[in-house]
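K.L.:
Dropping the structure in here first, questions after.
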Amino acid sequence: CDNKMPQRRRKRQTSRRAARSPTPSGLRPPRLSSLLFPLMVLCCLLPLAALASQGDRSFEYKRCVASCTADVCGHQAADMMAPDGDGMVAPLRLPWVLRMTFWTCKDDCSYHCTHRVTNDAFATVKAIKKEAKAAIWAEVEQATKAGGAGASRNDVNERIRAKVDSRLARLKPVQKQMVQYHGKWVFIRFLGAQEPLSVLFSLANLAVHLKYIPILRVKLPDVFPLKIVYLAHAFISANAWVWSSVFHARDKPFTEKLDYFSAGAAILSGFFFTISRLYRLSPGNPRFSIFLKICSGALLLHILYLCIIPRFDYSYNMAVNVTLALGHNVLWLAYSFFPGMFPDGSSDPYRATRTALRTTKQNASGLSTPTKGSPPAPVLARFNLPSTSKKARRRLRLIVLLLTLAAGLELLDFPPLGRALDAHALWHLSTVPISLMWYEWMVRDAQECVSSGYWIGDPLESSGRGVSRPVLGALGKATEWAKTRAGPIGAHLERNTGSLELAALTERLSGLAGKAGL
């Protein structure tokens, strides 16, 4: 039996090596993350069933669009008139601003018809109120002349209101109020943008994320295990706001899908870094890799499902995003009240020793205080959890509360004020200061994780594991190219440095990037 045990172990090791060995063709199967972007582009190219609303289903709107397209968009538009003879006149050639933003003649007709039908509805209501007021006051005057008792102003107003309500009840919504068309309210466009304020506020959010990408690179400690994750989240969020701006400028099937898919990726990214931070999942940890694959696979299936169904499932997409956002908020709120319910790493008896060694080893510059000094080497086996001071916890609760209230604006769907400002635009506006507050809290939390010794890992450029491996591989290829194909530069490097080490190259590239402001 003792002789069989080593044989079994050798068989297991052999099978593991075989499983890790490359395929006979020398190609590795593609990663889930490498499939996401091509899938998003492919799905966005597929036709999308239009979202119908009561406005675009109405007879008034359809008649207006048919009349406009017949008058303006036909082959002989100047000589043609609509069947109803409304005599709508519009230039055949659109202004260059509209052409640059991909407006077509039919799109322009639809835009003008939404405003025309809405204006007609408002005019109808105004006329009904005027007629009801005149009719009731005429009745009061006749009753007074006939010797009847006069009516008080409140009674008159009540009779006017009842008469108006009676007449409005017989009208369809599109005939008496603003309604949605193709899933959108009626907005006044500006420079070709359908929802100018939503575009402006989306760009403001984009500016916040772009501002903090270099700040995260500088202020996040190099040995903070989730530095690459935080940077990736900032890039993913910036991408989401880019497509939000494009979508609100021009609502097309392609831009709509990219907006929804990018927003879903950003929300899932926030949920991913929340789990990683609160449960101490760092790159190189098997649990981190498993969770990353689960999230990538879930996003892949989510996009695939929304692409293959005949009609885009807006309710399902909203439910998924709300669930993830709610989970994100609940976890951080729980941490602000009960930080002890999350792992603190105290189950590892050698954590303090290992952390002390990391903080005192050579070439550990920028381990992480903003002044580039090394944090104090911990000597205790147990540390206080970071960001658990009263001030930090109050700040975290405020951020979570504001995030929740801002998300609630999405549920308040009201007609836009002045045909410009609606609840969705207000939500975009509210996330600008919240994002600033959130980034500031994340940076302080990461610095405290390292300076307190709570969570310290190897510097990204020296770990060679997990998500840093592709970066190091690319740097290695760049080094070989510099040696072999850069001519005099490669020869100069070879002559002066002998063998150019990857660590030295990485340090130089990092220095150049820092000087360039990257």
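Taken together, the values in this text are just the output of simple stated rules run on the coordinates, not laboratory data. All figures in this text were calculated on a predicted structure; none of them were measured in a lab. Every residue, glycine as well, gets a Cβ built from its backbone with ideal geometry; the counts of neighbours run over all protein chains shown.
K.L.:
Once you put a point 7 Å from the Cα of GLU141 and another 7 Å from the Cα of ALA123, both along the Cβ direction, what distance in nm separates them?
P.N.:
2.7 nm
K.L.:
What's the local net charge at ARG167, with K and R +1, D and E -1, over the other residues with C-beta under 10 Å away?
P.N.:
That works out to +2.
K.L.:
Multiply the residue gap between LEU398 and MET341 by 0.36 nm, knock off their C-alpha separation, and tell me the result in nm, one decimal place.
P.N.:
18.5 nm
K.L.:
Could you list MET178, MET341 so that the one with the fewest beta carbons within 10 Å of its beta carbon is first and the one with the most is last?
P.N.:
Fewest-to-most Cβ neighbours within 10 Å comes out as MET341, MET178.
K.L.:
By counting other Cβ atoms within 10 Å of each Cβ, how are LYS257, LYS126 ranked from fewest to most?
P.N.:
Sorted ascending by nearby Cβ count, the order is LYS126, LYS257.
K.L.:
Moving to a separate point now. Would you mind getting the Kirkwood hydrodynamic radius of the range 168-220 from its Cα pairs, rounded to one decimal in Å?
P.N.:
In the range 168-220 this quantity evaluates to 14.6 Å.
K.L.:
Fully extended, how many nm does the chain gain between PHE235 and PHE291 (0.36 nm per residue separation, minus their Cα-Cα distance)?
P.N.:
Additional length available on full extension: 18.2 nm.
K.L.:
Right, another one. Enumerate the residues in the range 251-273 having an amide nitrogen under 16 Å from the point lying 7 Å beyond the Cα of PHE102 toward its Cβ.
P.N.:
Those under the cut-off are 251-262.
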